[in-house]
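**Student:** Got a structure here, written out as structure tokens. Questions coming.
The values are calculated or read from the model by the stated rules, or taken from the named source; none is laboratory data. Please read all numbers here as calculations on a predicted model, not as lab measurements. Note that we place each Cβ from the backbone using ideal geometry, even for glycine, and neighbour counts take in every protein chain shown. All accessible areas refer to the heavy atoms of the entire protein, side chains included, with ligands and DNA or RNA removed. Shrake-Rupley method; radii C 1.70, N 1.55, O 1.52, S 1.80 Å.
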Amino acid sequence: EDVAIFWDYENCPAPTNASGYALVNNIRSVAQPYGSVKSLRAYLGITEHFPVLRALTLRSELQSSGVSLVDCPHNGRKDVADKMIIVDMLAHAIDNPAPSTIVLITGDRDFAYAMSILRLRRYRIILLTLPNAHSSLTAQASICMDW
């Protein structure tokens, strides 16, 4: 089976002083039991989230670990990253018929509806989320784990 990973970095950023290498290894260890990881994308406003030197190191570590950093410039608009992630998840579903696994890293309940539709179509949805995530989000996941 194929696995696609969609990381809402704006909602679930890397923990302070975390190594990008270690972080991606942990994400990989969650995903690989379900198949080959075909895509690992992190969505963020790069200038908003990576303005300082430490962030350049993290960005480099994430990129060299296979993460595609998707720039989501807000330019006065809301929910830019969320909308891009939802479209990309649905594009993955169009291109990869079930059974397939989608790993979503977020704490934003705006993804609940898209997750429920994909689960109805027999996609496995693994949610890595914050400890205080709303039940409307966690209830839609096939498997829910703490970020």
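**Student:** Just report the Cα centroid separation between the range 76-147 and the range 1-48, whole Å.
**Tutor:** For the range 76-147 versus the range 1-48, the Cα centre distance is 13 Å.
**Student:** To continue, here is another question. Before I look further, what does the chain give for accessible area per residue, probe 1.4 Å, in whole square angstrom?
**Tutor:** Ligands and nucleic acids excluded, the result is 52 Å² per residue.
**Student:** Let me ask you something else. Given a cut-off of under 8 Å on Cα pairs at least six residues apart, what relative contact order in percent is computed for the chain?
**Tutor:** 27
**Student:** Mind checking which of 134, 76, 36 is farthest towards the positive end of the chain's charge dipole, using Cβ charges of +1 (Lys, Arg) and -1 (Asp, Glu) about the Cα centre?
**Tutor:** 36
**Student:** With a ≥ b ≥ c the root eigenvalues of the C-alpha gyration tensor of the range 1-105, is it rounded (a/c under 1.5), prolate (a/b larger than b/c) or oblate?
**Tutor:** In terms of gyration-tensor shape, oblate.
**Student:** Turning to a different aspect of this structure: For 30, 67, 87, what's the largest-to-smallest order of accessible area, 1.4 Å probe?
**Tutor:** Correct descending sequence by accessible area is 87, 30, 67.
**Student:** Indicate the helices, whole DSSP H runs only, in the chain that combine a mean Kyte-Doolittle hydropathy of 0.5 or more with a Cα extent along their long axis of 20 angstrom or more.
**Tutor:** Sorted by number, the helices that extend far enough and score high enough are 80-95.
**Student:** What dipole magnitude, in Debye to the nearest 20, does the chain give about its Cα centre under +1 on Lys/Arg Cβ and -1 on Asp/Glu Cβ?
**Tutor:** 200
**Student:** Continuing with this model, one more query. Tell me the carbon and sulfur percent of the accessible area for the chain, rounded to whole percent, probe radius 1.4 Å.
**Tutor:** 51
**Student:** I want to check the label-to-label distance for residue 60 and residue 87. Put each point 7 Å from Cα in the C-beta direction and report it in nm to one decimal.
**Tutor:** 3.2
**Student:** Please state the Cα pair-distance histogram of the range 95-147 with 10 angstrom bins from zero: what percent is in each bin?
**Tutor:** 29, 57, 15, 0
**Student:** Excluding ligands and nucleic acids, what accessible area in Å² is computed for residue 115 using a 1.4 Å probe, to the nearest 10?
**Tutor:** About 0 Å², rounded to the nearest 10.
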